[in-house]
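Undergrad: Have a look at the structure that comes next, please.
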Amino acid sequence: MSTDVLAETAELRAQDLIALEERYGAHNYHPLDVVIHRAEGVWVWDVEGRKYLDFLAAYSAVNQGHCHPVILQALLDQAKSVTLTSRAFRNDQLGPFYRQICTLSGFDKFLPMNTGAEAVETALKVARKWGYQVKGIPEGKAEIIAFANNFHGRTISIISFSTEELYRHEFGPFTPGFRVLPYGDAEAVAAAMNPNVAAVLVEPIQGEAGIVVPPDGYLKRLREITRQHNTLLVCDEIQSGLGRTGKMFAYEHEGIRPDVVIVGKALSGGFYPVSGILADDPVMGVFKPGEHGSTYGGNPMAAAVAQAALRVLVEEKMVENSAQLGPYFMDRLRQIPSRHVKEVRGKGLWIGIELHHEAGGARRFCEALQHEGLLCKETHDHVIRIAPPLTIQKAEIDWALERLSKVLTTL
């Protein structure tokens with residue numbers, strides 16, 4: 001890019017930048033028209049200097065807050081040393097990262113990838129291979145059970161078991177081998193079990209569906225059923241994990257232990273794509289060299305960033321902060337006398353405000369909140385999603401509650 005073009009870009013205002021994005025970018029997103037220029041902690045600033053409280057946290061990718069100084073320093077230090085070796089060679093950051101995340105989670109092994117969708121694909125592959133090698137499912141017959149209104153990513157295989165028509169429209173033919181059941185109905189899983197089921201893939205709380213919390217005992221019952229039928233239980237904790245719900249992992253609320261845990265997003269604190277799966281040796285051991293991999297997966301910069309992201313999550317007690325402030329926030333939201341609100345639900349600092357259909361959709365409320373200095377995002381048309389960085393303090397929640405109350409009662 002020439003110096004003249006760089007100078008011109010630096011002087012562009014919000015509407016100019018939006019016009020550029022619309023002109024040259026694919027239209028696969030419909031963002032709010034706020035152009036963020038800078039961020040720190042729970043706050044972001046647009047190109048014209050307006051300040052906003054971030055209540056999306058990049059879909060839980062910045063649980064540690066924007067531009068956390070410890071994670072930033074880890075990124076800078078590693079960038080000066082070595083950023084990428086590929087897995088053809090070893091690097092000095094990967095072993096310590098493996099030890100840290102396995103010690104934190106209690107699993108034997110970690111397999112690193114980059115994006116959440118890659119990690120889900122990795123979990124699907126390990127589940128099928130385990131089904132053939134260990135369970136003895138006939139070749140090509142492995143089944144994986146998933147649930148209605150799930151969101152696990154955007155690849156062809158993953159949208160093959162999505163129930164959201166928008167995600168599937170004109171992307172077929174789809175990958176076979178998946179069965180979709182109602183979310184929250186454990187007995188439907190029990191009835192569907194057969195010798196060819198290799199795994200049950202579940203979100204402990206469904207995020208994109210609108211912060212849908214299953215009935216108490218649901219995960220525990222899934223664990224019983226899968227053990228009874230020698231089937232893997234795979235928990236997708238990409239959004240719900242790493243402190244979002246007030247536990248390090250959301251499945252801990254029911255005292256269970258899955259066979260495979262999928263992690264991503266906050267694993268890097270928003271600095272760099274880092275994801276992967278956790279499992280014990282009998283499951284992870286089905287992979288042999290050359291059967292699965294990633295050029296960037298496990299690179300030294302990713303490993304250094306992830307170590308710092310996990311360290312601050314624990315040392316700064318962000319998980320405990322979510323557990324403490326989440327119930328307070330939800331209780332206060334439920335006290336707002338709004339005719340538009342159908343239900344407030346969630347766990348920890350992950351809350352969905354479901355609106356009545358007559359309210360005219362959640363987006364107009366998110367747009368109104370933007371003008372009040374609060375950035376939220378609608379999901380499934382009628383739900384306002386609340387997911388601030390886990391570094392948020394009570395005073396900032398109270399500040400947000402004033403604006404939420406104003407919009408929900410006057411719009």
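The values are calculated or read from the model by the stated rules, or taken from the named source; none is laboratory data. The shown structure was predicted, so the numbers you read here are calculated from the model rather than taken from an experiment. With ideal geometry, Cβ positions are generated from the backbone for all residues, glycine too; neighbour counts draw on all protein chains shown.
Undergrad: Restricting attention to segment 145-168, which residues are within 27 Å of Gly298 (Cα to Cα) and not charged (D, E, K, R)?
TA: Passing the criteria: Phe151, His152, Gly153, Thr155, Ile156, Ser157, Ile158, Ile159.
Undergrad: Right, next: Has segment 259-282 got any residue that is over 16 Å from the mean Cα position of the chain (by Cα), within 29 Å of Arg87 (Cβ to Cβ), assigned by TED's automatic domain parsing to the domain that holds Ala199 and assigned to a loop (DSSP other than H, G, I, E, B)?
TA: Yes, there is a match, as at least one residue in segment 259-282 is over 16 Å from the mean Cα position of the chain (by Cα), within 29 Å of Arg87 (Cβ to Cβ), assigned by TED's automatic domain parsing to the domain that holds Ala199 and assigned to a loop (DSSP other than H, G, I, E, B).
Undergrad: Additional query: Which one is nearest to Ser60 (Cα to Cα), of the residues in segment 283-308 that are of a type in the set (Val, Ile, Thr) and not in a helix (DSSP H, G or I)? Break it down stepwise before answering.
TA: Step one: list which residues in segment 283-308 are of a type in the set (Val, Ile, Thr), which gives 283, 286, 295, 305.
Narrowing further to those that are not in a helix (DSSP H, G or I): 286, 295.
Details: Val286: 31, Thr295: 25 Å.
Among those residues, the one meeting the criterion is Thr295.
Undergrad: Given the residues Glu320, Glu367, Glu358, which is the only one that is under 22 Å from the mean Cα position of the chain (by Cα) and part of a helix (DSSP H, G or I)?
TA: Glu320
Undergrad: For Arg221, are the conditions met, namely being out of contact with any strand residue (DSSP E or B) (no Cβ under 7 Å at 6 or more places or on another chain), part of a helix (DSSP H, G or I) and surrounded by fewer than 21 Cβ atoms within 10 Å (Cβ to Cβ)?
TA: yes
Undergrad: Another question, then. Among the residues in segment 18-35, are any of a type in the set (D, E, K, R), under 30 Å from Lys377 (Cβ atoms) and in a strand (DSSP E or B)?
TA: Taking every residue of segment 18-35 in turn, none turns out to be of a type in the set (D, E, K, R), under 30 Å from Lys377 (Cβ atoms) and in a strand (DSSP E or B).
Undergrad: Still on this structure: If I go through segment 138-152 residue by residue, how many of them are crowded, with 20+ Cβ neighbours inside 10 Å and part of a loop (DSSP other than H, G, I, E, B)?
TA: 4
Undergrad: What are the residues in segment 356-391 that are of a type in the set (D, E, K, R) and either without any contact (Cβ under 8 Å) to a residue 60 or more places away in the chain or not assigned by TED's automatic domain parsing to the domain that holds Val34 (or both), if any?
TA: Glu358, Arg363, Arg364, Glu372, Glu378, Asp381
Undergrad: Looking at (1) on the phi > 0 side of the Ramachandran plot; (2) at pLDDT 95 or above; (3) surrounded by 18 or more Cβ atoms within 10 Å (Cβ to Cβ), find the lone condition where Thr391 falls short.
TA: Failed condition: (1).
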